[in-house]
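**Q** Quick one: the structure is below, and I'll ask about it shortly.
The values are calculated or read from the model by the stated rules, or taken from the named source; none is laboratory data. No experiment lies behind these values; they were computed from the predicted model shown. Positions of Cβ are backbone-derived with ideal geometry, glycine not excepted, and every protein chain shown enters the neighbour counts. Surface areas here come from the heavy atoms of the whole protein model, side chains and all, with no ligands, DNA or RNA. Shrake-Rupley method; radii C 1.70, N 1.55, O 1.52, S 1.80 Å.
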Amino acid sequence: MDDCSKDIINCLPDNLLCQILSNLSTKEAALTSLLSKRWRYLFALVPNLDFDVLPSLHPEVAMQDQDQTSFIDFVDRVLKLRGKDHINKFSLKCGDGIEDEDAFPWILNTLRHGVSDLSLHVSPSLVYWLPSKVFASKALVRLKIGPKDGPRVKLRNVCLPKLKTLNLDSVVFEEGKIGFAKLLSGCPVLEELSLLNLAWDRWDSCSVSSKILKRLTLCCAHSSRNPKSVSFDTPNVVYFEYSDNIANKYPKVNFDSLVEASIGIRMTKVQKANARYVSDVDEETEMVGNATDLLMGICNVKTLYLSYDTLETLNLCCQVIPVFNNLTHLTIESHPELGWESLPNLLKSCPNLGTLVFQGLLHKATDRCGDVCMCQGLENSHSCLSSSPVKCLKILKFGETNDDDDMEIEMEQIKNFLEKMPNLEQLIIYYESSIDNDLVRVSSQLQEVPTVASLKCKIQVISDNLSLSSTLPISLSMENGFHL
């Protein structure tokens, strides 16, 4: 048997070994330098470099001076060993203690060596002003900067001709919307844009315009202010996630190709107070914010997620809910302190809805959501559920509060669904309990439903390690585990 048969890995060429090592963090790959002389510097030649000094296991423990020096020396050494070799991906995660005079040369080094994927996860005690060359790279294809309390960006010129993916978290545009406009215009082939924890401190309007963009995430930080105007001219976006205080107006909302959307619009305290005053005093007074144009612009969507804040906002700041003809999957998030007032009109506007998901059933009881629920005891009232096309109903977070009174309310709501939804074929309840008796109790309560609108509905109760299923009318058996 020859030497290569005994040690297959050592017989592999250097470029293949480097590809294998690139699946490890740079720190882990460096440990292979102890194997032999051949491996001593091999780890530094991998195309992907990943440096992580964040105390992820014990974040409460601050980095010691010795650790900082060791980390800085390690990164310096690796980059020096690489020489002029091309860098494909460079990921840097560092917190307090790593100064800009240490990090900036590393970033500039990777840019000089044609890095195409740059990820900077910095959370310094001092404000970082990122090198302007980060936004003037002809090689970058993917750029990620963040997270919270991360760098500030002062943009002079943006030239990222190959950039397709841009993720910015808590990045502050010192020039406000002017800097944001520069950013978009300097990325001519950008397909995915994600802006998290964006602040409106220096600007009161925003416009996103791109014929190339396919995925857009715009999540703004909570603030006491709301934007005056927000526009989207993105006809080829297929995924849209939007979270912000509702704008006074949405002059243009163009999402012709939209497939999936997640909406989390909310109101400031001032907007809530003004909206309630307007609804009580003068219904013809102009709204403090209007979500109608926003909904009109996304009404072609097929899969939609609405936060509990959005339900409240639609109730107070939406004149008309448009028809969602293409919507087949709707997820509703509930909150115990917010009502479902906007839900009846919303469900009536979804004629082809096939799957309805509730993230929790507990909500504030009002006299305007009885069309959907039983919170005001309107058993004999006409309900929009009676004409619901929904075939699959999913209840998430059932029993989450572990309170008997809350569970009774949730169970009454589920019974209401069963009694009124004529096309229901599947009901799935995700129960926040793994106790056998709890699941059996839920099943026994479901047996008490006097009449059901759909006899072909199959019911499944799922917990962490148990699953119960049935077809109405319910019968209980213990064959092969728990089944109803």
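So that you can scan it fast, the table gives a plain yes or no per residue for (1) at pLDDT 75 or above; (2) farther than 22 Å from Leu356 by Cβ:
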{"residue": "Phe398", "(1), (2)": "yes, no"}
{"residue": "Asn402", "(1), (2)": "yes, yes"}
{"residue": "Asn437", "(1), (2)": "no, yes"}
{"residue": "Thr451", "(1), (2)": "yes, no"}
{"residue": "Ser469", "(1), (2)": "no, no"}
{"residue": "Met478", "(1), (2)": "no, yes"}
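**Q** Since Val270 meets every condition but one in (1) at pLDDT below 90; (2) in a loop (DSSP other than H, G, I, E, B); (3) surrounded by fewer than 19 Cβ atoms within 10 Å (Cβ to Cβ); (4) not charged (D, E, K, R), which condition does it not meet?
**A** Unmet for Val270, out of (1) at pLDDT below 90; (2) in a loop (DSSP other than H, G, I, E, B); (3) surrounded by fewer than 19 Cβ atoms within 10 Å (Cβ to Cβ); (4) not charged (D, E, K, R): (2).
**Q** Now for a separate question. Being assigned to a loop (DSSP other than H, G, I, E, B) and at pLDDT 75 or above is true for just one of Lys415, Lys456, Lys394. Which residue is that?
**A** Numbers: Lys415 fails: assigned to a loop (DSSP other than H, G, I, E, B); Lys394 fails: assigned to a loop (DSSP other than H, G, I, E, B).
Of Lys415, Lys456, Lys394, the one residue that is assigned to a loop (DSSP other than H, G, I, E, B) and at pLDDT 75 or above is Lys456.
**Q** Give the number of residues within segment 219-240 that are in a loop (DSSP other than H, G, I, E, B) and surrounded by fewer than 21 Cβ atoms within 10 Å (Cβ to Cβ). If you could, list the steps in order and put the result at the bottom.
**A** First, the residues of segment 219-240 that are in a loop (DSSP other than H, G, I, E, B): 221-228, 234-238.
This time we only want the ones that are surrounded by fewer than 21 Cβ atoms within 10 Å (Cβ to Cβ), so: 221-225, 228, 235-236, 238.
Residues meeting the conditions: 9.
**Q** Taking interchain pairs and intrachain pairs at least six residues apart, which have beta carbon atoms under 9 angstrom, with the first residue in segment 435-461 and farther than 15 Å from Gln413 by Cα and of a type in the set (S, T, N, Q) and the second modelled with pLDDT of 85 or more and assigned to a helix (DSSP H, G or I)?
**A** Ser454/Leu418
**Q** While we're here: Those residues that are at positive phi and surrounded by fewer than 18 Cβ atoms within 10 Å (Cβ to Cβ), I need them from segment 398-428; list them, please. Walk me through how you get there before you give the answer.
**A** To start, the set of residues in segment 398-428 that are at positive phi comprises 399, 402.
Within segment 398-428, Asn402 is the sole residue that qualifies.
**Q** Can you tell me which of (1) over 15 Å from Arg266 (Cβ atoms); (2) open to solvent by less than 40 Å² (accessible area, probe 1.4 Å) is the one Asp293 doesn't meet?
**A** Of (1) over 15 Å from Arg266 (Cβ atoms); (2) open to solvent by less than 40 Å² (accessible area, probe 1.4 Å), only one is false for Asp293: (2).
**Q** Just the residues that are open to solvent by 30 Å² or more (accessible area, probe 1.4 Å), within 22 Å of the chain's Cα centre (by Cα) and at pLDDT 95 or above, please, taken from segment 327-353.
**A** Across segment 327-353, the qualifying residues are Thr328, His329, Glu333.
**Q** Determine whether Asp76 is within 18 Å of Asn48 (Cα to Cα), modelled with pLDDT of 80 or more and surrounded by fewer than 18 Cβ atoms within 10 Å (Cβ to Cβ).
**A** Details: within 18 Å of Asn48 (Cα to Cα): yes; modelled with pLDDT of 80 or more: yes; surrounded by fewer than 18 Cβ atoms within 10 Å (Cβ to Cβ): yes.
Yes: the conditions hold for Asp76.
**Q** Give the residue that is modelled with the lowest pLDDT, with candidates limited to residues of segment 165-189 that are buried (at least 19 other Cβ atoms within 10 Å of the Cβ) and in a loop (DSSP other than H, G, I, E, B).
**A** Applying the filter and picking the extreme gives Val171.
Quick grid of which residues meet (1) surrounded by fewer than 19 Cβ atoms within 10 Å (Cβ to Cβ); (2) touching a strand residue (DSSP E or B) at 6+ places or on another chain (Cβ under 8 Å); (3) at pLDDT below 90; (4) in a loop (DSSP other than H, G, I, E, B):
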| site | (1), (2), (3), (4) |
| --- | --- |
| Thr217 | yes, yes, no, no |
| Tyr242 | no, yes, no, no |
| Asp256 | yes, no, no, yes |
| Ser279 | yes, no, yes, no |
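Rundown of residues vs (1) under 22 Å from Cys350 (Cα atoms); (2) touching a strand residue (DSSP E or B) at 6+ places or on another chain (Cβ under 9 Å); (3) hydroxyl-bearing (Ser, Thr, Tyr), yes/no style:
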residue: Leu393; (1), (2), (3): yes, yes, no
residue: Thr401; (1), (2), (3): no, no, yes
residue: Asp404; (1), (2), (3): no, no, no
residue: Ile414; (1), (2), (3): yes, yes, no
residue: Phe417; (1), (2), (3): yes, yes, no
residue: Pro422; (1), (2), (3): yes, no, no
residue: Glu425; (1), (2), (3): yes, yes, no
residue: Ile428; (1), (2), (3): yes, yes, no
residue: Asp438; (1), (2), (3): no, yes, no
